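To start, the structure under review is shown below, and the notes come after it.
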Amino acid sequence: MKKRLLIFMLLLGAKPLFTTAQTTINRDAEIEQMVKEISSDSLKSYIHKLVSFGTRNTLSTITDHSKGIGASRNWIVEKFRQFAKNSNGRMTAFVDTTTLAADGRRVDVATNLGNSVAILKGTDPNDDRIYIISGHQDSRVTDVMNRTSDAPGANDDGSGTAAVLECARVMSRHSFPATIIFVSVTGEEQGLLGSTYLANQAKAKNWNVDAMLNNDIMGSNNSNETNIIDNTRLRVFSEGLPAYDLDKNAKGIRNFGLENDGKARQLARYVKEIGERYIDNLEVVMIYRNDRFLRGGDHSPFVQNGYAAVRITEMNENFNHQHQDLRTEKGTQYGDLPEFMDFEYLRKNTGINLSTLANLAKAPSEPQEVKIDVKNLTNSTTLSWKAPKSGTAKGYYILVRETTSAFWQKKIACNDISITLPYSKDNYFFAVQSFGTTGNESLPVIPAVGR
Ligand SMILES: [Zn+2]
């Protein structure tokens with residue numbers, strides 16, 4: 001049996017379980033270069049332009065050329081089209097519209113809803129994977145139904161939309177085997193309407209959405225009451241028990257203790273590992289919740305349709321600058337203005353997205369039919385799997401962690417399609433990833449029971 005093993009600890013501060021040769025995974029030079037191209041000046045210029053539209057409330061005008069949500073959605077698509085010129089015809093952009101009837105809640109008149117979308121088509125015709133990065137372009141003041149007062153929405157969610165634009169600018173010049181969709185949705189503040197429309201399309205058309213990153217509020221570095229200033233930490237929210245098909249899967253989750261290993265949680269761990277691999281001076285903080293307390297976001301319609309989706313948000317929020325009428329009260333300026341933002345922080349947070357997306361889209365797809373052998377009672381663990389459906393795996397990584405550990409603690413490279421490890425399946429969690437010639441790894445797959 002010819003098996004080459006490379007064993008190392010992830011740099012997660014965990015106490016080593018095993019004494020082994022340690023090494024690190026090198027950055028992929030292409031991704032490192034792309035990350036360097038992300039510009040805080042570009043991000044700032046996008047946000048100033050978005051703010052110039054006055055309000056971007058979803059119910060605001062779509063016919064005015066310089067004000068309102070219509071001007072916003074058209075300008076974003078125009079930017080996408082400029083970037084698409086560098087894509088050798090692989091990137092296309094359009095406003096994806098639908099008409100909403102008044103719903104008696106946050107839509108009081110029939111409304112033309114329009115997401116700004118750019119699609120960077122993958123180069124491998126056999127690869128049907130789709131990766132989505134989103135932010136929302138609509139904005140609001142104190143009254144969510146107010147469609148005329150200035151609602152700058154620089155951070156909420158100019159920051160997410162700017163990140164989407166900057167990723168599209170940089171990534172349009174590169175090619176990936178899988179497809180990437182860059183989207184700035186509308187209707188978030190009126191009830192996640194644009195993202196629901198997109199997630200429903202994905203479901204109806206049977207898109208293979210492998211991961212979705214929702215960026216909402218991620219360019220401000222401070223909190224209003226607690227006086228914290230910090231641009232070195234970023235939150236990623238992921239659901240625990242899955243919203244999708246929970247009843248069907250609850251028995252298996254209980255039996256195997258997999259309440260912390262759903263698709264969203266796996267994606268969150270991946271964002272942390274890959275993001276921190278490429279972005280210096282930034283820690284990705286995992287939050288074991290689908291979203292902030294009693295609040296919602298555009299990843300939720302994807303989560304509810306069974307896709308791996310997470311929310312990316314700054315570490316501390318300043319509520320004087322969120323969902324507020326522009327005003328000064330007792331010397332305090334309220335409102336979501338660009339001067340309250342930290343564009344260096346937004347640059348790093350955009351880099352987390354770009355490196356995650358690029359690493360996923362360059363990787364082969366996940367290994368198939370990953371199984372854990374249970375034929376005999378043993379103190380070792382045998383895993384087996386099949387090659388990915390698309391792309392070529394140069395090898396596989398076996399991920400191992402203790403049942404109480406939040407993060408994968410070991411990453412073992414393997415050239416074979418099965419492995420026996422001297423660690424009991426009773427005491428550890430395992431998962432398998434594929435990796436390609438430039439080292440980019442797929443999302444991990446938790447093994448099913450194999451007999
Ligand atoms: Zn928002």
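A few notes on this one:
- Taking residues in the stretch 288-299 that are closer than 17 Å to residue 212 by Cβ and within 9 Å of the ligand (Cβ to nearest atom), and partners anywhere that are assigned to a loop (DSSP other than H, G, I, E, B) and acidic (Asp, Glu), the pairs with Cβ atoms closer than 8 Å and at least 6 places apart or on different chains are 297/188; 297/216; 297/291; 298/188; 298/216.
- Among residues of the stretch 304-322, those that are farther than 18 Å from residue 157 by Cβ and under 14 Å from the mean Cα position of the chain (by Cα), counted: 2
- Subset of the stretch 306-324 (residues that are surrounded by 18 or more Cβ atoms within 10 Å (Cβ to Cβ) and closer than 30 Å to residue 245 by Cβ): 307, 308, 309, 310, 311, 312, 313
- Residue within the stretch 259-269 that is polar (S, T, N, Q), more than 16 Å from the ligand (Cβ to nearest atom) and either modelled with pLDDT under 95 or surrounded by fewer than 18 Cβ atoms within 10 Å (Cβ to Cβ) (or both) present: no
- Residue 439 meets all of the listed conditions (1) part of a loop (DSSP other than H, G, I, E, B); (2) at negative phi; (3) not aliphatic (A, V, I, L, M) but one, namely (2).
- Selection over the stretch 91-123 of residues that are part of a loop (DSSP other than H, G, I, E, B) and more than 22 Å from the chain's Cα centre (by Cα) gives a count of 10.
- Residue 143 vs. criteria among the acidic types (Asp, Glu), under 21 Å from residue 166 (Cβ atoms) and not in a strand (DSSP E or B): no
- Scanning the stretch 132-156 for residues that are away from the ligand (no atom under 12 Å from the Cβ), crowded, with 24+ Cβ neighbours inside 10 Å and more than 18 Å from residue 45 (Cβ to Cβ) yields 132, 133, 141.
- Lone qualifier among 159, 175, 139 - being at pLDDT 95 or above and closer than 30 Å to residue 438 by Cα: 175
- Any chance residue 275 is assigned to a helix (DSSP H, G or I), more than 16 Å from the ligand (Cβ to nearest atom) and either surrounded by 24 or more Cβ atoms within 10 Å (Cβ to Cβ) or more than 14 Å from the chain's Cα centre (by Cα) (or both): yes
- Criterion violated by residue 159 - all others in (1) more than 16 Å from the ligand (Cβ to nearest atom); (2) touching a strand residue (DSSP E or B) at 6+ places or on another chain (Cβ under 8 Å) satisfied: (1)
- Search result, residues across the stretch 414-433 that are closer than 18 Å to residue 386 by Cβ and out of contact with any Phe, Trp or Tyr (no Cβ under 6 Å at 6 or more places or on another chain): 415, 416, 418, 419, 420, 430, 431
- Tally, over the stretch 323-341, of residues that are within 26 Å of the chain's Cα centre (by Cα) and assigned to a strand (DSSP E or B): 0
- Some residue of the stretch 115-123 being within 16 Å of the ligand (Cβ to nearest atom) and either closer than 18 Å to residue 299 by Cα or in contact with a Phe, Trp or Tyr (Cβ under 9 Å, 6 or more places away or on another chain) (or both): yes
- Any chance residue 284 is of a type in the set (A, V, I, L, M), in contact with a Gly (Cβ under 7 Å, 6 or more places away or on another chain), in contact (Cβ under 8 Å) with a residue 12 or more places away in the chain and within 30 Å of residue 129 (Cβ to Cβ): yes
- Any hit, the stretch 296-317, residues being modelled with pLDDT of 95 or more, part of a loop (DSSP other than H, G, I, E, B), over 18 Å from residue 349 (Cα atoms) and acidic (Asp, Glu): no
- Test: residue 408 is part of a loop (DSSP other than H, G, I, E, B), crowded, with 19+ Cβ neighbours inside 10 Å and in contact (Cβ under 8 Å) with a residue 60 or more places away in the chain: yes
- Within the stretch 184-228, restricting attention to residues that are charged (D, E, K, R), over 18 Å from the mean Cα position of the chain (by Cα) and farther than 30 Å from residue 389 by Cα, the residue that is farthest from the ligand (Cβ to nearest atom) is 225.
The values are calculated or read from the model by the stated rules, or taken from the named source; none is laboratory data. Please read these numbers as outputs of a predicted model, since none were measured by experiment. Glycine also receives a Cβ, built like all others from the backbone with ideal geometry; neighbour counts cover every protein chain displayed.
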